[in-house]
Amino acid sequence: MSTSNLPSLWQAARIEMPDGSRSWTVLDDSGDVIASLRNWIVHLEQSRASPNTIRAYLRHIVEFANFLNANSANLREVTVALYDGFLAWRLAR
């Protein structure tokens with residue numbers, strides 16, 4: 001499994017709202033918002049999840065998606081071993 005030089009294909013992006021509040025979203029490698037993740041973030045915000053929790057969830061998702069890409073896998077190919085490799089990589093950093 002590749003663990004070095006992880007490409008940043010997906011990115012977490014902070015959104016500044018007109019009223020001064022902040023939110024987050026996830027951008028794909030084309031810079032487009034990933035709608036399903038944006039909807040999930042809105043749900044978390046409406047459920048009053050902590051902004052720090054939301055940001056932590058997003059970082060984890062983005063890192064995992066980029067880890068999968070670096071290992072020529074996608075979400076449909078995730079195995080326990082692959083996820084364990086990701087967690088070991090995160091802990092080693």
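The values are calculated or read from the model by the stated rules, or taken from the named source; none is laboratory data. The structure presented is a predicted model; accordingly, all values stated were derived computationally and were not measured. Glycine also receives a Cβ, built like all others from the backbone with ideal geometry; neighbour counts cover every protein chain displayed. Note: areas computed on protein heavy atoms with side chains; ligands, DNA, RNA excluded. Shrake-Rupley method; radii C 1.70, N 1.55, O 1.52, S 1.80 Å.
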Item checked: Those residues of the range 6-52 which are open to solvent by 50 Å² or more (accessible area, probe 1.4 Å), under 23 Å from Phe86 (Cα atoms) and in a helix (DSSP H, G or I), in sequence order -> Ser36, Trp40, Asn52
Checklist line | Residue within the range 60-72 that is out of contact with any Lys or Arg (no Cβ under 7 Å at 6 or more places or on another chain), without any contact (Cβ under 8 Å) to a residue 24 or more places away in the chain and not in a helix (DSSP H, G or I) present | finding: yes
